[in-house]
Amino acid sequence: MPRAFKASNGRNEYYRCAVRLTAGGRKWVWAKTKREAEDKAIEEERLLGIGLEAAAKTETLTNFMKRFLEHIKPNDDNEYGVSPSVHQDYRYHTEKHIVPALGAKRVREISTRDVDQFLKSKSNIGLAVATVEYMHRVLRRALNFAVDWNVIERNPASARMRTAKRRKAVSSKPDQLKFFTPAQSDIFLAAICGDKFEALFTTALTTGARPSELFGLKWSEVNLDAGRITLMRALHRTKKKKDEPGATWLLRTTKNTGSRRTLSIPDVTVAALHRQQDKIQELKAFVGDDWIEGDFVFPSTKGTPLDVSNVLHRFQKLSVEAGLPKLRFYDLRHTHASLFIAAGMHPKLIAERLGHASIKLTMDTYGHLFEGSDREAADHMDRLFGSKRPAQPDSGKVVPLGRKEKA
């Protein structure tokens with residue numbers, strides 16, 4: 001057990017105690033009393049024994065959050081990187097809420113009570129429950145890294161939130177997805193014929209691909225002779241601060257293996273993509289040396305990735321002019337799924353085509369659209385067994401199975 005000794009600096013007396021370092025040597029801790037100095041030494045040896053970094057003892061949460069955000073920053077070589085949109089959300093909540101409230105504290109000094117009071121204060125100023133819960137997740141994940149990096153022994157944000165939560169209103173109706181009906185889909189295909197985004201809209205409708213997957217699709221992943229496209233990456237827009245260096249977009253391979261898939265495409269899509277090839281050749285000849293080659297199937301007029309807002313505005317303009325409802329571009333994905341449901345395709349096949357991680361996600365999203373299929377199944381049972389229904393006894397009595405009614 002460490003033993004403390006009285007010492008003096010000429011003006012004040014204090015007690016100091018040696019702490020044995022795991023790599024050899026020793027360090028000193030000081031306190032006003034002998035008992036306090038010995039307790040501090042015992043705690044220091046315990047923390048060193050479980051592998052906590054001595055240099056991280058004085059690190060503030062502000063400094064640690066900078067390290068954490070840099071570690072998960074998205075780039076092609078970072079397997080731990082999150083998507084640009086997630087990183088932007090993490091950075092926003094860190095700079096707007098977490099650092100102003102807790103940033104001055106040392107990471108090792110943050111307690112579960114500190115976290116609870118922080119979350120409660122945010123709830124008290126009227127922030128939405130979802131917002132408070134999100135910043136809690138950000139802090140919890142960051143401090144999980146602090147545990148893994150031997151900065152702290154345990155995560156004070158991992159304890160269950162004990163602050164009062166407002167119960168979320170649960171709708172009795174499923175989410176109302178918006179999509180084109182089969183008849184409206186035919187009208188839409190006719191409306192986009194000859195448009196500059198014809199190939200993009202046609203591919204979106206007939207494959208159900210996510211917009212980010214379409215914007216990142218390259219010709220090397222398209223086989224028009226076989227009528228197939230392979231979706232294996234997505235294009236993400238980065239949200240950077242003013243004057244912040246770096247690209248405004250990032251092309252990343254999807255982490256979910258289910259999202260990496262090869263889809264068969266119908267003839268209407270093959271024809272549209274053939275016309276798209278011709279349009280790109282014309283664009284290259286017109287732009288000349290200013291063309292930026294990226295091999296994108298759906299490039300801008302300079303070869304760079306398309307701007308999402310331009311695509312959305314054009315999509316909605318064409319839809320309204322054709323007398324169709326004003327949907328989001330993403331709703332073409334829902335339209336694709338609804339068309340297959342109407343055609344009676346099995347949910348597992350729809351899940352695979354949409355690139356869902358599991359069939360559960362498909363059923364949670366589109367389950368209410370299968371209700372008609374369930375009624376059709378019952379009608380089919382009636383057609384099979386309706387004529388074979390056993391006749392009921394004339395007496396009106398219920399006769400137990402296996403017995404005969406007495407005369």
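Tell me which residues, restricted to segment 1-36, are buried (at least 16 other Cβ atoms within 10 Å of the Cβ) and either part of a loop (DSSP other than H, G, I, E, B) or modelled with pLDDT under 70 (or both).
The answer is P2, V29.
Can you go through E293, E282, E244 and tell me which one is modelled with pLDDT under 90 and out of contact with any strand residue (DSSP E or B) (no Cβ under 8 Å at 6 or more places or on another chain)? So that I can check it myself, show each step before the final result.
Working: E293 fails: modelled with pLDDT under 90; E282 fails: modelled with pLDDT under 90.
After applying the criteria, what remains is E244.
Whether any residue in segment 287-310 is in the same structural domain as L217 (by TED's automatic domain parsing), surrounded by fewer than 18 Cβ atoms within 10 Å (Cβ to Cβ), under 21 Å from L231 (Cα atoms) and hydrophobic (A, V, I, L, M, F, W, C) is what I want to check.
Yes: one or more hits.
Of the residues that sit in segment 326-363 and are among the basic types (K, R) and crowded, with 19+ Cβ neighbours inside 10 Å, which one is nearest to L189 (Cα to Cα)? Reasoning before the result, please.
Step one: filter segment 326-363 for residues among the basic types (K, R), giving 326, 328, 333, 348, 353, 360.
Narrowing the set further to residues that are crowded, with 19+ Cβ neighbours inside 10 Å leaves 333, 353.
Details: R333: 15, R353: 21 Å.
That would be R333.
Please go through segment 91-125 and pick out each residue that is closer than 16 Å to A142 by Cα and of a type in the set (S, T, Y).
Y92, T94, S111, T112
The values are calculated or read from the model by the stated rules, or taken from the named source; none is laboratory data. Nothing here was measured: the structure is a model prediction, and the numbers come from that model. Glycine also receives a Cβ, built like all others from the backbone with ideal geometry; neighbour counts cover every protein chain displayed.
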